[in-house]
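Here's the structure we're looking at; comments come further down.
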Amino acid sequence: MRRADLVPILTVLLVIVAVWYLGAIRMNATWERDQAARAGTEVTWSQLIPLTLTQDRPVLPAPHQVAVGLWEGVAGQAITSRRSLVWHAWVTLSATLAGFAIGTAAGILLAVGIVHSRSMDQSVMPWAVASQTVPILAIAPMVIVVMASAGVTGLLPKAIIAAWLSFFPVLVGMVKGLRTPDAMQMDLMRSWSAGRPQVLARLRLPSSLPYLFASLKVAIAAALVGTIVAELPSGATAGLGARLLSGSYYGQTVQIWSALFMAAILAGLLVALIGLIERRVLARMGLAA
Amino acid sequence: MSALPIIGVWLGGWAVNIWLSRFDTRASRTLVAVIFGATIIALWEMIVRIYAIPTVILPAPSQIAASFAANGSILWTDFVQTILKGALTGWLIGAGAAILTAIAIDRSPFLQRGLLPIGNFVAALPIVGIAPILVMWFGFDWQSKAAVVVVMVFFPILVNMVAGLRATDAMQRDLMASWAAPYGASLWKLRLPAAMPFLFNGLKITTTLALIGAIVAEFFGSPTRGMGFRISTAVGRLDLPLVWAEIVVAALAGTLFYGLVAALEKKVTFWHPSQRR
C-alpha cells in the first residue's frame, strides 16, 4: 500500500461506516416503533436515534456496539475464559495452522510428483481440478460427524477440512513454479550432469518460491474459512464458527458480528504474516522486487 | 491376504496409466484420467467390502448409486431449491452488481485507489460467516441464500473486473483518443472486450463459491428442502448413502456450472492468447 492511497482508502472506509450507521438506524427503527406503538406512545426522531444505536439485540448492531463487543471479548475476559474471543480464536487458529501445514505439505509433494511423472500428471491433475468443483465446505459437517462417530474428535477433523481447501492453491502454484525454469537453465543443469534430485533442489525449488508464496496467501485464508465452517455442526462449542452458530441460535447479533470481525482480523494477520515471511525469504535469495 | 486384490487392482491401473501416458494424445490423456478415477472407485468399493467397513463411516459406491437412483425426486427438489434458486440467482445478481460497480469505479481514479485495496481485503475474508446475519434478515427461504451468494461473489468479481478495465495499454487508449472516441465508445469497443478475460477469471472462481455459500447458509436455518438441509438431517439419521448422493449432485452441478462458464469464456474471448492451443 502506497502512502498516496491512504486518503482514498480512509475516505471509502469513512463512507462505509457512515452508511453502516444510517443502516443501523433504519433497520432497528421498526422494532422501536413497534415497542412505542404497543406502549401507546410516539417516538420522535431525536429519541429514536439513540435508542436504535443501543439496542440489546439489534437487527444490525451499530459499529461502536461491535467495537465494544470485540473489545470486551478480547480484553475484558481472562484469556482462558470460555467467553474470551482470544480463546475461541486460538481454538480456530490451531486447527487452521495444522490443516494449513498438512495441506501445504500434500500440495508440494503432489506437485513434485506431477512435475516428474507424466502418468501422474495426466491422472492426478484432472481430478485435483474436479475436486475443487465439489463444494467441500458444504460436506464439512458430515466429515466432522462421521469422524466423531469413528472416535476422532478435536483438532484433527477440522484440520482435515482446512487441509483439503488449502492443498489445491498450493498444488497449482507449485506445479507452475516448478515448471518455470526454461530450457536454457535445464540444459545448463544437464551440462553439469546434475541428477533429477539436484535439479529439483538447486533449480526447481528455488525458482518456484515466488509462486509458492502467492499460493500460500490464498491457501491460509482458505484454511481459515474451512476451519470456521467445520466448527458449525452442532456439538462444537469452541472456536469462532461455534460462536457464530450459538449467536445465531440465541439472536445475539453483537456476538455474531464480534466473532465475524475477529475472524476477519485473524485472516488479515495470517495473510500479512505470510507476506512478511515472503519478503524476508525472497530478499535473502536476492529475488525481492 | 485380503489386501492382495486391492494391491493388484492398484498396480494394474497404475501400469496401464504409465503405458498410456507415453502416447500423450488427446484421447490417451482423457483415458488416463478416466482410468485413474475408475481405479479409485474400484479400490473404494473393494476396501469397503473386504474390510466390512460400516455404512455409517463410509458407504460403498454401489450403495451411493442405489441411493441416488432411489431418491431421485428428493435430490431434484433439493437441486432446484439450493442450486437453481439460491446459488444461481445470487450469482447472477452478484455478478451483475459487481460489473456495474466496476464500471462506475473505473471512471474515478480516486475510488479505484480507495476501493480496490478494501475489495481485495474483503475478498480474502471468511465471508461465509455473514450467513447467520443474512438468514436472520431475509428469512429461511432461498432469498437469504441468494443474498449470501451475492455478497460472497461480489468482491472477487469486482476486483477482477476493475483490474480488467485497466488492462488496456497506453497505445490502444491513445489510438481511441486520436479517433476522438467518446467515453462510451472506448468503453464498449475497447475496455470491455479487453476486460473479458479478467471478468471470466472472476466468474470461474466464483462458481464454486456460489454453491458453497448457498449450501452453508442452509445450516443456519432453511425450509424442509435444500441440499444443506438434507445433508445435515441425513447425517443426523446416519443415512450416509443419501448424504453422498447429495455430494454427487453437488459435484456434478459444480462441474457443469464451471464447464458452462468456461465454454462461454471460450466463445467470448476466443482471441485471447490463453485460448490458443
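Restricting attention to the range A:34-77, which residues are surrounded by 15 or more Cβ atoms within 10 Å (Cβ to Cβ), over 30 Å from A:Ile265 (Cβ atoms) and under 40 Å from the mean Cα position of the chain (by Cα)?
A:Leu48
Which number in (1) hydroxyl-bearing (Ser, Thr, Tyr); (2) more than 14 Å from chain A (Cβ to nearest Cβ); (3) free of Cβ contacts under 8 Å to residues at least 24 places away in the same chain marks the one condition that B:Ser108 misses?
Going through the list (1) hydroxyl-bearing (Ser, Thr, Tyr); (2) more than 14 Å from chain A (Cβ to nearest Cβ); (3) free of Cβ contacts under 8 Å to residues at least 24 places away in the same chain, B:Ser108 breaks only (2).
Taking helices (runs of 4 or more DSSP H) that fall entirely within the range A:46-140, which contain at least 2 residues that are closer than 30 Å to A:Leu14 by Cβ?
Passing ranges, in order: A:63-75, A:85-116.
Being touching a residue at least 40 places away in the same chain (Cβ under 8 Å), in a helix (DSSP H, G or I) and over 9 Å from the mean Cα position of the chain (by Cα) is the filter here; which residues of the range B:251-269 pass it? If you could, list the steps in order and put the result at the bottom.
The initial filter retains those residues of the range B:251-269 that are touching a residue at least 40 places away in the same chain (Cβ under 8 Å), namely B:253-254, B:257-258, B:261-262, B:264-265, B:268-269.
Filter again for in a helix (DSSP H, G or I), leaving B:253-254, B:257-258, B:261-262, B:264-265, B:268.
Residues satisfying the conditions are B:Val261, B:Ala262, B:Leu264, B:Glu265, B:Val268.
Out of (1) more than 25 Å from the chain's Cα centre (by Cα); (2) loosely packed, with under 14 Cβ neighbours inside 10 Å, what's the single condition that is false for B:Ser28?
For B:Ser28, the failing item is (2).
Can you name every residue in the range A:226-272 that is surrounded by 21 or more Cβ atoms within 10 Å (Cβ to Cβ), assigned to a loop (DSSP other than H, G, I, E, B) and either facing chain B (nearest Cβ under 9 Å) or at negative phi (or both)?
Passing the criteria: A:Glu231, A:Leu232, A:Pro233, A:Ala236.
Determine the pairs where a residue that is surrounded by fewer than 18 Cβ atoms within 10 Å (Cβ to Cβ), located within the range B:219-244, has a partner that is among the charged types (D, E, K, R) and outside any helix (DSSP H, G or I) with Cβ atoms under 7 Å apart, the partner being 6 or more residues away or on another chain.
Pairs that qualify, where the first residue is surrounded by fewer than 18 Cβ atoms within 10 Å (Cβ to Cβ) and the partner is among the charged types (D, E, K, R) and outside any helix (DSSP H, G or I), are B:Pro223/B:Asp141.
Check whether at least one residue in the range A:28-43 is within 22 Å of B:Gln112 (Cβ to Cβ), part of a helix (DSSP H, G or I), among the hydroxyl-bearing types (Ser, Thr, Tyr) and within 14 Å of chain B (Cβ to nearest Cβ), and report yes or no.
no
So if I check each of A:Ala223, A:Ala162, A:Ala150, A:Ala128, which one is open to solvent by less than 10 Å² (accessible area, probe 1.4 Å) and either more than 24 Å from A:Phe261 (Cα to Cα) or in contact with a Lys or Arg (Cβ under 6 Å, 6 or more places away or on another chain) (or both)?
Checking each option against the conditions leaves just A:Ala128.
The values are calculated or read from the model by the stated rules, or taken from the named source; none is laboratory data. This one's a predicted model, so the numbers in the text were calculated from it and none came from an experiment. Every residue, glycine among them, receives a Cβ derived from its backbone with ideal geometry; neighbour counts consider all protein chains shown. Just so you know, the surface numbers come from the protein's heavy atoms only, side chains and all, with ligands and any DNA or RNA stripped out. Shrake-Rupley method; radii C 1.70, N 1.55, O 1.52, S 1.80 Å.
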